[in-house]
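All remarks here apply to the structure that follows.
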Amino acid sequence: MSTAAPHALADVTASDSTLRRFLHGLPGVDPVGLEARAASLGTRSIKTTAKAYAIDLAISMVDLTTLEGADTPGKVRSLGAKAVLPDPTDRTTPATAAVCVYPDMVPAAKAAVAGSTVKVASVATAFPAGRAPLAVKLADVREAVSAGADEIDMVIDRGAFLAGNYLKVHEEITAVKEACGSAARLKVIFETGELSTYDNIRRASWLGMLAGADFIKTSTGKVAVNATPANTLLMLEAVRDFRAQTGVQVGVKPAGGIRTTKDAIKFLVLVNETVGEDWLDNRWFRFGASSLLNDLLMQRQKLATGRYSGPDYVTVD
């Protein structure tokens, strides 16, 4: 499906006033109800056969991530090799969806995953703060795309958003989308932990989709509050409603703080119950994570053999 701004809603971005009127006209969020529904869905148990399927699905949805100042080409190559073959002792283990790195590490990542299904995602636009002139942000994106990035994870200008300058945020996202061209899909990071209210998360979700986001993403993983079941549920509801109105499907990526198989399965239940099977695919749902994969691999091995392996079973990221 195309993710261009749909004609039916194009007029709402014609001016700052029309965009503000639209975003502030969205239904208000009931925080208590939202959190209660997210908690209720998180208590559902699944059978062993379903758990095995869920673990493999979750592995296939991981954006295996390293975003540290100490990253080296060697570390990125090792991460890429793990993404392609997460468990060298069991070649039935699915590959991850992508590796996610800084722009200057894209060439090393591309070389490491060459010939596989694993995509290379690059953060951009002055990640994680997003504090840079637009020209610098666009240069960041173009460098990553020219190096071969398949996906761009951009951060919005939270200062502009919180000040109510929605059109500026929209125009910045559309400019980044244009810089991606047809070569890279665009994930738009809101940093939900800094948006203060669920109403703001809903508005940011619609703003990102109106601007052409292929994915909306909770967080950078660099702040205290990252992905939660409640904020992810809210974003899932937004993409569901957006598709109902426009016919355009947009993906969702919770990122940061998802560390265990139990966590991942809770999020998959949210997906299944909120948007259904159309999103249960790594083209439309991802986990931004670094340590999650190791736990998924250990739980997978436990289901297969009845026991946990020792601490050396998985590599340390």
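With a 1.4 Å probe and all protein chains kept in place, how do Thr72, Thr49, Thr13 rank by accessible area, largest first?
From most accessible down to least: Thr49, Thr72, Thr13.
In Å², what does the accessible area per residue of the chain work out to with a 1.4 Å probe?
Spelled out: the 1.4 Å probe surface of the chain, per residue, equals 41 Å².
For the chain, what does the helix formula give at 222 nm: sum of -39500 (n - 2.57) over DSSP H segments with n ≥ 4, over the residue count, nearest 500 deg cm²/dmol?
Helix-only estimate at 222 nm: -14500 deg cm²/dmol.
Give Lys119/Lys168; Lys177/Lys217; Lys82/Lys137; Lys262/Lys302 a once-over and call out the pairs whose C-alpha atoms are over 21 Å from each other.
Lys119/Lys168; Lys82/Lys137
Size of the dipole of the chain about the Cα centre, Lys and Arg at +1 and Asp and Glu at -1 on the beta carbon, nothing else charged, in debye to 20?
520 debye
Taking the Cα-to-Cβ direction at Ala139 and at Glu68 and moving 7 Å from each Cα, how far apart do the two end points lie in nm?
The two pseudo-label positions are separated by 2.9 nm.
Indicate the gyration tensor shape class of the chain (rounded, prolate or oblate), computed on the Cα atoms with a ≥ b ≥ c the square roots of the eigenvalues: a/c under 1.5 is rounded; otherwise a/b larger than b/c is prolate and the rest oblate.
It comes out oblate by the Cα gyration axes.
Ignoring any ligand, DNA or RNA, what whole percent of the accessible area of the stretch 184-317 comes from carbon and sulfur when the probe is 1.4 angstrom?
45 percent
Under 10 Å, Cα contacts only: if you run a Gaussian network model on the chain, which one of Ser60, Ser45, Ser78 comes out with the highest mean-square fluctuation?
Ser45
What is the dipole size for the stretch 158-317, taken about its Cα centre, with +1 at each Lys and Arg Cβ and -1 at each Asp and Glu Cβ, in debye to the nearest 20?
Around 220 debye, computed over the stretch 158-317.
Choose one answer from Lys110, Lys168, Lys253: the residue with the largest mean-square fluctuation in a GNM of the chain with alpha-carbon springs under 10 Å.
Lys168
Over the stretch 85-238, what is the relative contact order in whole percent, taking alpha-carbon pairs under 8 Å and six or more residues apart?
17 percent
Anyone know which of Pro103, Pro27, Pro229 comes out most mobile in the 10 Å Cα GNM of the chain?
Pro27
As an exercise, use a Förster radius of 25 Å and the Cβ-Cβ distance of Thr48 and Ser291 to find the FRET efficiency, rounded to the nearest 0.05.
Using R0 = 25 Å, I get an efficiency of 0.55.
Rounded to the nearest 0.05, what FRET efficiency do Ala163 and Thr260 have when you use their Cβ-Cβ distance and R0 = 41 Å?
The formula returns an efficiency of 0.65 here.
What nm value, rounded to one decimal, do you get for the distance between Asp90 and Ser15 when each label is placed 7 Å out toward the C-beta?
Between Asp90 and Ser15, the label points sit 6.0 nm apart.
The values are calculated or read from the model by the stated rules, or taken from the named source; none is laboratory data. Just so we're clear, the structure is a prediction, and the values are computed from it rather than from any experiment. With ideal geometry, Cβ positions are generated from the backbone for all residues, glycine too; neighbour counts draw on all protein chains shown. Just so you know, the surface numbers come from the protein's heavy atoms only, side chains and all, with ligands and any DNA or RNA stripped out. Shrake-Rupley method; radii C 1.70, N 1.55, O 1.52, S 1.80 Å.
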